[in-house]
Every structure is written in C-alpha cells, then in structure tokens.
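What follows is a set of notes on a single structure, which appears directly below.
The values are calculated or read from the model by the stated rules, or taken from the named source; none is laboratory data. The shown structure was predicted, so the numbers you read here are calculated from the model rather than taken from an experiment. Cβ sites come from the backbone with ideal geometry, for glycine too, and all protein chains shown count toward neighbours. Heads up: the accessible areas ignore ligands, DNA and RNA and are worked out on the full protein's heavy atoms, side chains in. Shrake-Rupley method; radii C 1.70, N 1.55, O 1.52, S 1.80 Å.
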Amino acid sequence: MRTCYRKLMVGVALGTASVGSLQAQDLPSDEQLQRAFGATYNRLGLIEYCAANGFANTGDVANARRIVAATLSGMTATPAALAQQEVGRRGTIVGPQVIGLMNPADPAHPEEVREGQTISLAENARAQKLSERTLCKQMTEQASAAVGAAER
C-alpha cells in the first residue's frame, strides 16, 4: 500500500490524471521529481499559511504533512525543493501547480500557476473571483481526500 500511495502522491504532485502501473520508461526524471517535491512542500506551506490566517486547522496541516512524508518516502528533496515550504508560508504559490478548480469557460486559467511563475494566494483568489478561504478549503479537502484514499 505504501508504494501505491507514493505513486498516487507523485502523480498528484505532477498533475497526472491517473498513475496506474508505472513502467521504467514512465518514471519521472530527477528534475521532475524535485519540481513535484517543491510543489508538495509549497502546498504544505500554503496550508500552514491558511491555518495561520484561520482558514484551516491543525488536522489540515497534519494531512498535508502526511502527503509530504508519503511523497518523499525513501527519497531526498533538494534544498531548493524544501525552501518552497517557506515561500508557501508567506502565502505565495510557486508553479507548476493548480490552485482552485479548473474552469474551462475561463481561457486565462488563473487556477494554473505555470512553471517558473509565482503569485500570491490572495491574487490567485481574486483572479478566480474567489476568496483565500475558499482556495484554502479546496486545498485542505484535496489533502484530506488523498489521505483518505491512501488509507483505504
């Protein structure tokens, strides 16, 4: 189950729709893994930011930490990937990530923070016509669902 959970979380972090059985040629490169680890740490930092602002609770932070632990199980994150947590704690999203719900009607896709881009959670929420509280709720629900799925 632990290997399955790790594959699930790497898939979530890399934004793949389904993970299934990974073949050797399908494994991500070290660079892709480090970007995924950075995004995972950034998401943890964002949830910590949400908790500090009253938009999440300690259980939500614990779920995000479980995801980090499962994602990195047996692997090492670079200092650059680890540093993304502190960036998230300041309320800054570092791409590549999707924060919010995909809206096919909006061609700008403000929910997508692309590789090399940064945006504050507040700016991202405004661009989506949402609140930070709503984005925090979505992130914590996603973390809770991922942890719940792994425990089954």
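Looking at the stretch 75-96, which of its residues are free of Cβ contacts under 8 Å to residues at least 60 places away in the same chain and not aliphatic (A, V, I, L, M)? Passing the criteria: T76, T78, P79, Q84, Q85, E86, G88, R89, R90, G91, T92, G95.
Mind checking whether some residue in the stretch 89-104 is assigned to a helix (DSSP H, G or I), at pLDDT 90 or above and under 18 Å from A56 (Cβ atoms)? Yes, the stretch 89-104 has at least one match. Just to be sure before I move on: is A13 part of a loop (DSSP other than H, G, I, E, B), of a type outside the set (S, T, N, Q) and modelled with pLDDT under 60 in the structure I sent? Taking the combined requirement at face value, the residue does not satisfy it. Can you name every residue in the stretch 34-56 that is in contact (Cβ under 8 Å) with a residue 60 or more places away in the chain and either among the charged types (D, E, K, R) or not in a helix (DSSP H, G or I) (or both)? Within the stretch 34-56, R35, R43, N53, F55, A56 meet the criteria. If you go through the stretch 120-152 and keep only what is among the small types (G, A, S), open to solvent by 40 Å² or more (accessible area, probe 1.4 Å) and within 26 Å of S73 (Cα to Cα), you end up with S144, A145, A149.
With respect to being in a helix (DSSP H, G or I), in contact with a helix residue (DSSP H, G or I) (Cβ under 6 Å, 6 or more places away or on another chain) and either farther than 25 Å from G148 by Cβ or open to solvent by 10 Å² or more (accessible area, probe 1.4 Å) (or both), N63 fits the description.
The residue pairs whose first member lies in the stretch 112-137 and is in a loop (DSSP other than H, G, I, E, B), whose second member is open to solvent by less than 80 Å² (accessible area, probe 1.4 Å) and among the small types (G, A, S), and whose beta carbons are closer than 8 Å, counting only pairs six or more residues apart or on different chains, are R114/G95; E115/G95; G116/G95; Q117/G95; Q128/G100; L130/G100; S131/A125.
Among the residues of the stretch 105-119, is any open to solvent by less than 70 Å² (accessible area, probe 1.4 Å), of a type in the set (D, E, K, R) and under 26 Å from L33 (Cα atoms)? Yes, that holds for at least one residue. Give me a count of the residues in the stretch 67-86 that are in a helix (DSSP H, G or I) and over 26 Å from S131 (Cα atoms). So the answer is 8. For the stretch 30-53, does any single residue satisfy the condition of being on the phi > 0 side of the Ramachandran plot and modelled with pLDDT of 95 or more? No, the stretch 30-53 has no match at all.
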